[in-house]
Amino acid sequence: MDKAMNYVALAKKARLIELGEEPVGAVTRAGKGRLVIVASDAGDHTWRRAKSFVAGTSQVCVRIPQNKDELGLAVGRQSLAIAAFTDIAMALAFLKGLPPKYPEELAALEDQLARQKQRQKEAKAHKRNVKTGKK
C-alpha cells in the first residue's frame, strides 16, 4: 500500500474521513468536507455527483490514481469509489502523498490550513485576553 493510502487508513481510524456516496454527500452539504476523493475507475455518474457536492464551496474534489479495490483495501472494504476527508491537515497530507499532479488543489488546501491555524491562534489570544481582563 502506498503512502497516500496509509493516510486514508489512518483517517478512518481517527474518524476523519467519510466513506461512500451518502455520507460524503451529507458531510459536504454540511460544509465539513475538506477533500473529496474519487477512485480512478469510479463511474462518470459518481464523478459528476462528487463535483456537484463541492460546487460553489471551498471544498476540493480530485480523482485519484488508485482504483476502487485499492481504496477499499485501505479502509477494510471490498471496494470504495468515493470518500471525503473532514480534517484539513489529514487531507493535505494525503494529497502530498499522491503524485504531484494536483497543484491547484494542494494550494487551496494549504491556504485553508493556514487560515485555520490563524483562527486558532486568534481564538487562543482572545481567550488569554479575556482571562487577564486585557482589551
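The values are calculated or read from the model by the stated rules, or taken from the named source; none is laboratory data. The shown structure was predicted, so the numbers you read here are calculated from the model rather than taken from an experiment. Note: ideal-geometry Cβ built from the backbone for every residue, glycine included; neighbour counts use all protein chains shown. Ligands, DNA and RNA are excluded from the accessible area calculation, which covers all protein heavy atoms including side chains. Shrake-Rupley method; radii C 1.70, N 1.55, O 1.52, S 1.80 Å.
Values as computed for the structure displayed
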| read-out | value |
| --- | --- |
| Residue in segment 43-58 that is touching a Pro at 6+ places or on another chain (Cβ under 8 Å), of a type in the set (Gly, Ala, Ser) and surrounded by fewer than 22 Cβ atoms within 10 Å (Cβ to Cβ) present | no |
| Pair list, Cβ < 7 Å and 6+ apart or interchain, from segment 65-81 residues that are free of Cβ contacts under 8 Å to residues at least 60 places away in the same chain to residues that are open to solvent by 10 Å² or more (accessible area, probe 1.4 Å) and part of a helix (DSSP H, G or I) | SER79/LYS68; SER79/ASP69 |
| Failed item in (1) surrounded by fewer than 19 Cβ atoms within 10 Å (Cβ to Cβ); (2) more than 25 Å from GLN116 (Cβ to Cβ), with LYS12 passing the rest | (2) |
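Residue by residue, here is whether (1) over 23 Å from GLN116 (Cβ atoms); (2) open to solvent by 10 Å² or more (accessible area, probe 1.4 Å); (3) in a helix (DSSP H, G or I) holds:
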| residue | (1), (2), (3) |
| --- | --- |
| GLU18 | no, yes, no |
| VAL24 | no, no, yes |
| LYS32 | no, yes, no |
| SER40 | yes, yes, no |
| ASP69 | yes, yes, yes |
| ALA91 | no, no, yes |
| PHE94 | no, no, yes |
